Amino acid sequence: DENVKKNMRKVLDQIQDGTFAKEWITENDEGRPTFNRLREENAGHQIEEVGKELRGMMSFLSDSD
């Protein structure tokens, strides 16, 4: 899909030019408000539920993983 390719290019450009790092440092300095909000909003997403279930089946993972 051309739109996905375009978005991936944009993300790569932000990583390469340092924009992502600067924004991430600022986000952390401010207590991660956007990250925490998005994490909370997506916690109930089906892929998170499936991931939790699968990790529970992986005996080789420790509790800290």
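The values are calculated or read from the model by the stated rules, or taken from the named source; none is laboratory data. This one's a predicted model, so the numbers in the text were calculated from it and none came from an experiment. With ideal geometry, Cβ positions are generated from the backbone for all residues, glycine too; neighbour counts draw on all protein chains shown.
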Exercise for the section: Among the residues of segment 19-55, write down those that are surrounded by 10 or more Cβ atoms within 10 Å (Cβ to Cβ) and among the acidic types (D, E). Expected result: E23, E27, E30, E48, E49
Exercise for the section: Please list, ordered by first then second residue, the pairs with beta carbon atoms under 8 Å, 6 or more apart or interchain, first in segment 21-43 and on the phi < 0 side of the Ramachandran plot, second aromatic (F, W, Y) and in a helix (DSSP H, G or I). Expected result: E27/F35
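Within segment 4-51, count every residue that is among the small types (G, A, S) and at pLDDT 95 or above.
Summing the residues that are among the small types (G, A, S) and at pLDDT 95 or above in segment 4-51 gives 3.
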